[in-house]
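Written out below as structure tokens is the structure these notes cover.
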Amino acid sequence: MTRILVGGIMFAMGLLAAMQPPVNAALARRTGSPLAASSVSFIVGSLALVAVTLALGQGATFSLVRGAPLWQLCGGLIGAVFVFGTVLFIPRLGAAGVIGAMVAGQLAGGALIDRLGLFGLPQIALTPVRLLGLGLLVVGGLLVVHR
């Protein structure tokens, strides 16, 4: 796949991801509990992923998780913190504010991960152009949060 196609797919996934916090916040309003709404979100997502994994005949790969380093198992915990935080803060910042701040933080974190080559990824230099892009996104995130 070309970088442009992959970028387009990721853009579409970003549009989809922008729907998750308001949908979960609506569930939190219905239940009266951001924690319960976050839990339901994870349960539904987990069941869907397990079903797809099994339907694709990849169920045996679950056994390979045994013995994995603890840090490799933290993705779900990080996701739970993310989902709960978005449910908690979307009433205060709105969808654009939550997404803007989150994306700016994700880009800053991604740039640091790339720069240091963390989690087994190759190191990617933090060039002036990348720094400018990061700075512009952080400023954009701040402007969206400001309202």
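Pairs linking a residue in segment 1-23 that is of a type in the set (Gly, Ala, Ser) to a residue that is surrounded by 11 or more Cβ atoms within 10 Å (Cβ to Cβ), with Cβ atoms under 6 Å and 6 or more positions apart or on different chains, are ALA18/ILE99.
For segment 33-51, the condition of being modelled with pLDDT of 95 or more, surrounded by 10 or more Cβ atoms within 10 Å (Cβ to Cβ), of a type in the set (A, V, I, L, M) and within 26 Å of VAL145 (Cβ to Cβ) holds for at least one residue. Taking segment 110-131 as the range and being out of contact with any helix residue (DSSP H, G or I) (no Cβ under 8 Å at 6 or more places or on another chain) and either surrounded by 13 or more Cβ atoms within 10 Å (Cβ to Cβ) or on the phi > 0 side of the Ramachandran plot (or both) as the test, the residues that pass are GLY110, ASP114, ARG115, GLY117, GLY120.
Among the residues of segment 1-35, those identified as assigned to a helix (DSSP H, G or I) and small (Gly, Ala, Ser) are GLY7, GLY8, ALA12, GLY14, ALA17, ALA18, ALA25, ALA26, ALA28. The combined condition, being under 23 Å from GLN20 (Cβ atoms) and either in a helix (DSSP H, G or I) or touching a helix residue (DSSP H, G or I) at 6+ places or on another chain (Cβ under 9 Å) (or both), is fulfilled by VAL40. Going through (1) over 12 Å from the mean Cα position of the chain (by Cα); (2) in a helix (DSSP H, G or I); (3) surrounded by 10 or more Cβ atoms within 10 Å (Cβ to Cβ) one by one, GLY105 falls short only on (1).
Annotation note: Cβ proximity below 9 Å between a residue of segment 55-75 that is in contact (Cβ under 8 Å) with a residue 60 or more places away in the chain and loosely packed, with under 10 Cβ neighbours inside 10 Å and a residue that is part of a loop (DSSP other than H, G, I, E, B) and among the hydrophobic types (A, V, I, L, M, F, W, C) (sequence gap 6+ or interchain) occurs for no pair. Here the condition is being assigned to a helix (DSSP H, G or I) and more than 30 Å from LEU143 (Cβ to Cβ); of LEU54, LEU93, LEU88, it holds for LEU54 alone. For ALA96, the stated conditions hold: it is out of contact with any Gly (no Cβ under 6 Å at 6 or more places or on another chain) and under 19 Å from ALA18 (Cβ atoms).
The values are calculated or read from the model by the stated rules, or taken from the named source; none is laboratory data. No experiment lies behind these values; they were computed from the predicted model shown. Positions of Cβ are backbone-derived with ideal geometry, glycine not excepted, and every protein chain shown enters the neighbour counts.
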